[in-house]
1. How big is D, in µm² s⁻¹, for the chain by Stokes-Einstein at 10 °C and 1.306 mPa s if Rh is the Kirkwood radius over C-alpha pairs?
2. In nanometres, what is the gap between the two model label sites at residue 218 and residue 290, each 7 Å from Cα along Cα-to-Cβ?
3. Given points 7 Å out from each Cα along the Cα-Cβ axis, report the residue 1 to residue 359 separation in nanometres with one decimal.
4. Would you mind giving the average projected area, over all directions, of the Cα convex hull of region 265-355 in nm² with one decimal?
5. Students often check this: by mean Cβ neighbours within 10 Å, which of 333-340, 91-98 ranks highest, and how do the rest follow?
6. Sort largest first and round to whole Å: the equivalent ellipsoid semi-axes of region 223-270, each the square root of five times a Cα gyration tensor eigenvalue.
7. As an exercise, take the mean of 1/r over every pair of distinct alpha carbons in region 143-288, invert it, and state the Kirkwood radius in angstroms.
8. What percent do you get for the relative contact order of region 218-366 when only Cα pairs under 8 Å and 6+ apart count?
Amino acid sequence: MMVLLFIAAAIFFLAATLFNSLFLPSLKKPFLRASHSERVAVFVPMRNEENNVAGLVSTLKGLTHRPISFTILDDHSDDETYNLLLKHIDNDSRFSVLQGKELPSGWAGKVHACHQLSQSASGDYLLFIDADVRLHPNTIETSVALLKKREASLLSGFPKFPVTLFFEKLIVPLQHFVILFHLPLLFANFTKWPPATAAHGAFMLFKSKDYHAIGGHASIKDSLVDDVDLAKTMKRARYKVVLANVTNYVSCYMYTTNKEVWNGFTKNLFPGLGRSIFLVVCLSLFYTGFYIAPLFFFIYGLFTEQLLWLLPYFITVIQKAYVDLLTGQKAYLAFTMPLSAIGLVVLAIASMWKALKKQGYEWKGRSYQ
């Protein structure tokens, strides 16, 4: 029976996710604080982020690690970002605010901003975060402790995503699902094999000397998926990269409108898949067959009273719920997994279509190909 094949596949995917999660370390409060001799420099690029200024400055001021410095770059904002930064920093000597230089040809905007930041201050460790990130006070200590324990040069993680918008609820939590289901975390965290690599640009902690040894952000200056490309560059240089579950310590409020969700994911999906039409087709067929079709099986099972047809849907819900609970997400969103899969397929195709038609991607008032 066809339904038995789908049930078997769903059980296999659930088991694979459970097994894969064993190789995702979590940030845990260390017994000992990081050495006070180890200086951490925190860098934040900002472009038209006036709504995030107060929350960002507050979360940085609350960090308990010492010594520490904060450098924020205003990347040609045309709102009140710069003035609000000065107001909320209120002469705190740990903070520096830079005005970004003009974007050179061949550079992506965020990459260029991070490059400027990396040239502005030094430390034993460099932490790059986004303006929409909020941190637990002990984030630095826990992150440095895990970086040291794993003898790694880069630690990154997908933050907790508090979601409120409809489209955001469907799409944003899928980032954790994709990592825990598709990325072989054993190879990602225990080998230096570049293809098995993921990172999230909202939270990237580097050993300073190793970051500069690979050329920093200048080494991936035109990248639209700078986080992954930078992590791969680290691995190619034979440095160890660790992807961790940071959701207990790092939160990211990614989008404020459904349009931003659309633009953000269409910008990243096709480039993130290596601009491969083949991979977009495979992703679309896979999620249509195993995560959209179970909704129709479920409806068929209800109307025909054949309970076996309900199982593929419920098993996929369990798989998604496990990921959501592990990463601090609202568990009830697991029931919308078929809608999330539809959204993912539509976004992947739209992202590919924009590239093939040379329409470019729009983000933060800039256009990219």
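The values are calculated or read from the model by the stated rules, or taken from the named source; none is laboratory data. Quick caveat, the model's predicted, so the values are computed rather than measured. Every residue, glycine as well, gets a Cβ built from its backbone with ideal geometry; the counts of neighbours run over all protein chains shown. Protein only, heavy atoms only, side chains kept; ligands, DNA and RNA dropped before computing areas. Shrake-Rupley method; radii C 1.70, N 1.55, O 1.52, S 1.80 Å.
1. On the way: Rh = 21.5 Å.
Estimated diffusion coefficient is 74 µm²/s.
2. 4.3 nm
3. 4.3 nm
4. Numbers: hull surface 25.8 nm².
The number I arrive at for region 265-355 is 6.5 nm².
5. Details: 333-340: 20.0, 91-98: 13.4.
Top of the packing list down: 333-340, 91-98.
6. Values: eigenvalues 131, 60, 7 Å².
Value: 26, 17, 6 Å, ordered largest first.
7. Values: mean 1/r = 0.0619 Å⁻¹.
One decimal place: 16.1 Å for the Kirkwood radius.
8. Details: 117 pairs, mean separation 41.7, N = 149.
Reported as a whole number, the value is 28 percent.
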